[in-house]
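Working notes, structure below.
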Amino acid sequence: MGLFDFFKRKKKTDVSKKYNLGMKKTRSGLLGKLKSILSSYNEINEDLFDDLTDAFIMADIGVETTLDFIDALKEDERVEGVNDVKELQQIIVDKMFELYLKNEIVNNNLNINKEGLSVFLFVGVNGVGKTTTIAKIAHRLKKQGKKVLLAAGDTFRAGAVDQLEVWANRVGVDIVIKKGATDPSSVIYDALQKAKNEKYDVLLCDTAGRLQNKVNLMKELEKMNRVIEREIPNAPQETLLVIDATTGQNGLSQAEAFLEVTNITGVILTKLDGTSKGGIVLAIRDKYNIPIKMIGLGEQMEDLEYFDLEEYIGGLFIEDENE
């Protein structure tokens, strides 16, 4: 039984239903095109691969990733034995797994210390949903029994500080704010002292997203990292890049830019339910070798889910019974 058949027979959990609903826009576009392409050919030829290339690029899998993917598909020995072109879909699903995993064990979970403080830095340009994402993670960790502290490190924008404070109050977690502060590292330092002295489990740190001035941003992040490393050994445990999935290829550009200024350990994709171009997941992993840690599949607090490759690819290809 191939992966495609496995997905179809797999018992639907609450998470898989959420993925299925959240991936509907991407699935409607990609799956519709794929079905149309595969049903319009009686044999596998170059024209078929050209049409598949166009379909994957339109789903925002990216030009480079798509071309490599199609080359790998052509070279797969199973393709020669295909009698019905529609059977190619099973091989495509398998190849997508291979594309993401790259023969590695990919850790999609957040790296939280079993004992002591864990520190997460959040980076990303303004407007991607970074503050809301921090709040959703704080909510999830609090429900797991963790003592969570927020640090309002985006001192460049007063609005960002105010917004994070509102979310902290709404979620019911503590926050460190320095009104009028211009040095984000001083906020992080104060938050670290509070977190250590009052035995917090996790410190979530917001940062500025001023990509238009990479030099200043790099200096800020370097200083933050020095402060964190000095106070907490082996921290930060995660530096998470938040990207709005609806921005498509612009999201890839953001990933490249932030990788130039800091060490990214994982990506959080927001608003995946709001785009028909959810293939960006595969593009980010393939191009930058960064794992997707979490994805946003809705507006509610519980709609930020840990990334699950099986559920994601199942959501791309398996139609809901009601569709």
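Of all residues in the stretch 121-144, none that is without any contact (Cβ under 8 Å) to a residue 24 or more places away in the chain and over 13 Å from V202 (Cβ atoms) has its Cβ atom under 6 Å from the Cβ atom of a residue that is assigned to a strand (DSSP E or B) and open to solvent by 10 Å² or more (accessible area, probe 1.4 Å), 6 or more apart or on another chain. Listed by first and then second residue, the pairs linking a residue in the stretch 166-179 that is part of a strand (DSSP E or B) to a residue that is basic (K, R) and surrounded by 12 or more Cβ atoms within 10 Å (Cβ to Cβ), with Cβ atoms under 7 Å apart and 6 or more places separating them unless they lie on different chains, are V176/K194.
Just to verify a result, which residue in the stretch 14-56, among those that are polar (S, T, N, Q) and more than 20 Å from L269 (Cα to Cα), is least open to solvent (accessible area, probe 1.4 Å)?
Across the stretch 14-56, the extreme among qualifying residues is T53.
Among the residues of the stretch 7-47, those that are part of a helix (DSSP H, G or I), modelled with pLDDT of 85 or more and more than 21 Å from K277 (Cα to Cα) comprise S39, E46, D47.
Would the stretch 120-134 turn up any residue that is in contact with a Ser or Thr (Cβ under 8 Å, 6 or more places away or on another chain), buried (at least 19 other Cβ atoms within 10 Å of the Cβ), at pLDDT 90 or above and on the phi > 0 side of the Ramachandran plot? Yes, the stretch 120-134 contains a residue that is in contact with a Ser or Thr (Cβ under 8 Å, 6 or more places away or on another chain), buried (at least 19 other Cβ atoms within 10 Å of the Cβ), at pLDDT 90 or above and on the phi > 0 side of the Ramachandran plot. Here are L272, L282, L316: which of them is more than 29 Å from L117 (Cα to Cα), over 14 Å from the mean Cα position of the chain (by Cα) and buried (at least 22 other Cβ atoms within 10 Å of the Cβ)? Step by step, each of L272, L282, L316 is checked, and only L316 is more than 29 Å from L117 (Cα to Cα), over 14 Å from the mean Cα position of the chain (by Cα) and buried (at least 22 other Cβ atoms within 10 Å of the Cβ).
Is it the case that V267 is open to solvent by less than 20 Å² (accessible area, probe 1.4 Å), under 28 Å from M224 (Cα atoms), modelled with pLDDT under 90 and touching a Leu at 6+ places or on another chain (Cβ under 7 Å)? So V267 fails the test.
Among the residues making up the stretch 186-235, those that are part of a loop (DSSP other than H, G, I, E, B) and either closer than 15 Å to V176 by Cα or open to solvent by less than 60 Å² (accessible area, probe 1.4 Å) (or both) are E198, K199, Y200, D201, T207, A208, G209, R210, I232, A235.
Just one of the listed residues (T247, T239) is open to solvent by 10 Å² or more (accessible area, probe 1.4 Å) and of a type in the set (S, T, N, Q), and it is T247.
The values are calculated or read from the model by the stated rules, or taken from the named source; none is laboratory data. As the structure is a prediction and not an experimental result, all values here were calculated from the model. Positions of Cβ are generated from backbone atoms using ideal geometry, with glycine treated the same way; all protein chains shown enter the neighbour counts. Calculation scope for accessible area: heavy atoms of the full protein, side chains included, ligands and nucleic acids excluded. Shrake-Rupley method; radii C 1.70, N 1.55, O 1.52, S 1.80 Å.
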